[in-house]
1. Across the range 32-63, what is the number of residues that are of a type outside the set (K, R) and either part of a loop (DSSP other than H, G, I, E, B) or within 13 Å of ligand 2 (Cβ to nearest atom) (or both)?
2. Does A182 satisfy the criteria of being within 16 Å of ligand 2 (Cβ to nearest atom) and either assigned to a strand (DSSP E or B) or in contact with a His (Cβ under 6 Å, 6 or more places away or on another chain) (or both)?
3. Report yes if Y12 is under 18 Å from the mean Cα position of the chain (by Cα), hydroxyl-bearing (S, T, Y) and more than 16 Å from ligand 1 (Cβ to nearest atom), otherwise no.
4. Kindly provide the set of residues from the range 99-135 that are under 16 Å from A38 (Cα atoms) and among the β-branched types (V, I, T), ordered by number.
5. State whether one or more residues within the range 10-31 are farther than 20 Å from I183 by Cα and either within 16 Å of ligand 2 (Cβ to nearest atom) or modelled with pLDDT of 95 or more (or both).
6. If you check every pair at least six apart or on different chains, which have Cβ atoms under 6 Å apart with a residue in the range 214-236 that is farther than 27 Å from F269 by Cβ first and a residue that is of a type in the set (A, V, I, L, M, F, W, C) second?
7. Take the conditions more than 15 Å from ligand 1 (Cβ to nearest atom) and touching a Leu at 6+ places or on another chain (Cβ under 7 Å) and apply them to Y39. Does it pass?
Amino acid sequence: MVTYISRGSGCYGVISIMNYKGGVGKTTLSANVAAEMAYRGLEVLLIDLDPQANLTLSFVSIDDWKALDRQERTIKHWYDQYLDYNHDISLKELIITPTRLNEKLAQSRSSGRLDLICSHLELVEVDMELSSKLGGHTDRAIRNNYVNVLSRLRFKLEEIKEDYDMIIVDCPPNFNLITQNAIVSSDYYLVPARTDYLSTLGINTLLKHVDTLKKKYNQHLHETNHRHMPPISPQMLGIVFTMVSYHKGVPISAQREYIAQVKRSRLPFFNSYLRENKSLFASAPETGIPVILHQGNIQQKKIKWEIRALVDEVLHTMKAKVRS
Ligand SMILES: Nc1ncnc2c1ncn2[C@@H]1O[C@H](COP(=O)(O)OP(=O)(O)OP(=O)(O)O)[C@@H](O)[C@H]1O
Ligand SMILES: [Mg+2]
């Protein structure tokens with residue numbers, strides 16, 4: 001059964017999709033989950049915080065992206081305004097509505113919409129410049145600078161949150177200040193992982209780092225003039241196993257072992273996995289439309305069912321967390 005959530009009662013939440021590990025499917029998952037939510041009628045905002053800009057280029061052509069660069073409408077330019085001039089520009093200035101995807105939604109008679117804030121290759125330099133804003137000569141200056149830098153995205157997202165049902169942030173494969181901005185802004189986070197030794201190894205560390213960040217940020221927030229802002233509490237929704245290979249209807253034994261290992265560790269995980277299909281996932285970004293909204297053969301349909309089931313689980317878990 002497909003889980004629907006009704007529109008019009010404000011934002012259900014900001015979800016960051018993250019994992020230190022590179023190439024585990026963060027961007028693919030962000031694009032497909034967001035597209036499926038929009039297909040179900042939600043107004044979704046996607047934010048690309050990775051300088052690789054793979055999410056941006058999954059929706060926007062290179063020419064359109066270059067035009068946005070000239071117009072200074074990427075997340076890198078937004079951070080530049082703060083770093084160079086201390087300007088507090090609204091995120092609204094950056095938002096675009098990717099044409100190909102939204103036309104596809106309209107053709108499918110969906111009432112949803114998917115908007116995007118694009119990334120930029122030079123976002124990597126912004127991170128270094130943000131670090132130079134930390135520190136200070138007194139304890140008070142250090143606390144204030146810490147909260148100011150970490151809260152950049154959070155404070156400005158607050159202004160546009162009500163315009164969306166869901167906000168999904170695709171993080172880079174690290175724990176730098178940009179990723180920390182995402183965590184501080186998030187109500188929830190979701191961790192895609194490949195079912196191999198190295199991909200599952202760092203998940204516990206990631207969770208510990210999120211917890212340490214939460215405690216440090218809340219403590220500092222309480223001691224600054226931003227103490228009227230509520231403390232943050234990003235909640236782990238679960239691990240999504242990606243690129244799973246099947247044999248006779250079940251994941252191959254090597255992968256089953258890693259899945260079992262994660263389950264034993266009592267980390268939250270989703271029962272819906274994303275199967276491996278190199279050709280479908282590799283070719284989708286060029287079309288500007290994620291795999292979930294493509295028509296196709298039985299392999300395509302299987303992927304669709306999996307992503308739909310996963311989105312059901314995500315929405316269900318979010319609802320359960322709100323109730324608890
Ligand atoms: N289920 C899948 N089956 C096959 N290939 C996949 C699948 N999911 C993603 N891929 C491919 O794996 C590569 C990495 O995926 P993706 O870019 O989503 O990972 P990522 O975690 O965002 O990477 P990075 O850490 O570099 O940002 C891409 O080429 C993508 O097309
Ligand atoms: Mg990525």
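The values are calculated or read from the model by the stated rules, or taken from the named source; none is laboratory data. Note that this is a predicted model, so its numbers are computed, not measured. Cβ coordinates were reconstructed from backbone atoms using ideal geometry, including for glycine residues, and neighbour counts include every protein chain displayed.
1. Pass one, the range 32-63, residues of a type outside the set (K, R): 32-39, 41-63.
Adding the requirement that they be either part of a loop (DSSP other than H, G, I, E, B) or within 13 Å of ligand 2 (Cβ to nearest atom) (or both) leaves 32, 41-42, 46-61.
Selection size over the range 32-63: 19.
2. no
3. Numbers: under 18 Å from the mean Cα position of the chain (by Cα): yes; hydroxyl-bearing (S, T, Y): yes; more than 16 Å from ligand 1 (Cβ to nearest atom): yes.
In short, yes.
4. T99, I117
5. no
6. Going by the 6 Å Cβ cut-off, the qualifying pairs are H220/V147; L221/V147; T224/V147; H226/V147.
7. On the way: more than 15 Å from ligand 1 (Cβ to nearest atom): yes; touching a Leu at 6+ places or on another chain (Cβ under 7 Å): yes.
Yes: the conditions hold for Y39.
Per-residue answers, yes or no, for (1) over 16 Å from the mean Cα position of the chain (by Cα); (2) modelled with pLDDT of 95 or more:
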| position | (1), (2) |
| --- | --- |
| S185 | no, yes |
| Y188 | no, yes |
| P192 | no, yes |
| I203 | yes, no |
| L213 | yes, yes |
| L237 | no, yes |
